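Notes to accompany the following structure.
Just so it is clear, none of the values below were taken in a lab; they were calculated from the coordinates. Predicted model, so just to flag it, every value in this text is computed and none were measured. Neighbour counts run over all protein chains shown; Cβ positions are idealised from the backbone, glycine included.
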């Protein structure tokens with residue numbers, strides 16, 4: 001298996017993880033069934049949502065970086081014009 005294929009599989013898995021973290025962040029902290037919640041429980045729930053959001057952003061930024069790596073690898077780079085005649089033909093000076 002090629003490194004690019006592995007990277008693409010990891011990217012897809014990361015995108016799925018972000019979707020799951022979004023679900024966690026969108027869940028309600030207080031529902032009608034629970035009644036009164038203690039301050040500690042509310043604080044822990046808010047911290048969990050904050051962590052889910054920050055993790056999602058971190059994963060997304062890493063996914064973007066990996067996509068850039070894949071696109072840089074798959075696109076062949078142009079070689080620089082090197083000889084005297086080529087430089088003269090393009091009008092560049094030393």
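Some notes on this structure:
- Likely footprinting exposure, 55, 40, fewest C-beta neighbours within 10 Å first: 40, 55
- Computed E for residue 54/residue 5 - FRET, C-beta separation, R0 25 angstrom, nearest 0.05: 0.30
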